[in-house]
Amino acid sequence: KLGEYGFTVIPPADAIPSILESITLAKNVDDSLNAIEPTTVFNLMDPLFLVGHGDFGRSTWFNIRWFFNGQLNDGCSVDLIVDQNYPDEGLYFVCQPPEDGWPSGQHEAVLVMNDEEVGRYGFNVE
């Protein structure tokens, strides 16, 4: 190890501030990026949607991680970098079930924005 060097990544000068106004777990999303059937209880074969609304500035970075029984599901983890300013917009992340369905129990999705954890969103599979 040669050393550690702190640095800060700043958004472009024309980027609007990124503000998440709401986050919802749901069973689907419509064409306007609104949550369909918001819930925290899913069936074994339901796709999992994490739906957000807010203002998203250019170069904002998101990461979603889905944990089942405390174990990371790499197949559903996604990184997203916003390509332009999106004021008053929606976004979503989806995790499709495996062929044999989700494991029963309590699980969670963890959302990170610009390297800071935004929240942990618990859900159950029954």
Here the chain gives, from Cα atoms, an Rg and Dmax in Å of 16.1, 52
Solvent exposure ordering (accessible area, 1.4 Å, most first) of Thr60, Thr40, Thr24:
Thr40, Thr24, Thr60
At a 10 angstrom cut-off on C-beta neighbours, averaged per residue, how do the peptides 83-94, 47-58 rank from highest to lowest?
47-58, 83-94
Give the value in nm², to one decimal: projected area of the alpha carbon convex hull of the range 74-126, averaged over all directions.
5.0 nm²
With a probe of 1.4 Å, find how much accessible area the chain has per residue, and write the answer as a whole number in Å².
61 Å²
With the calculation restricted to Cα positions, what are the radius of gyration and Dmax of the range 1-61 in angstrom?
17.6, 52
Considering only protein heavy atoms and a probe of 1.4 Å, how much of the accessible area of the chain is carbon and sulfur, as a whole percent?
49 percent
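The values are calculated or read from the model by the stated rules, or taken from the named source; none is laboratory data. These numbers were taken from a predicted model, which means no experiment stands behind them. Every residue, glycine as well, gets a Cβ built from its backbone with ideal geometry; the counts of neighbours run over all protein chains shown. What goes into the accessible areas is simple: the full protein's heavy atoms, side chains included, and nothing from ligands, DNA or RNA. Shrake-Rupley method; radii C 1.70, N 1.55, O 1.52, S 1.80 Å.
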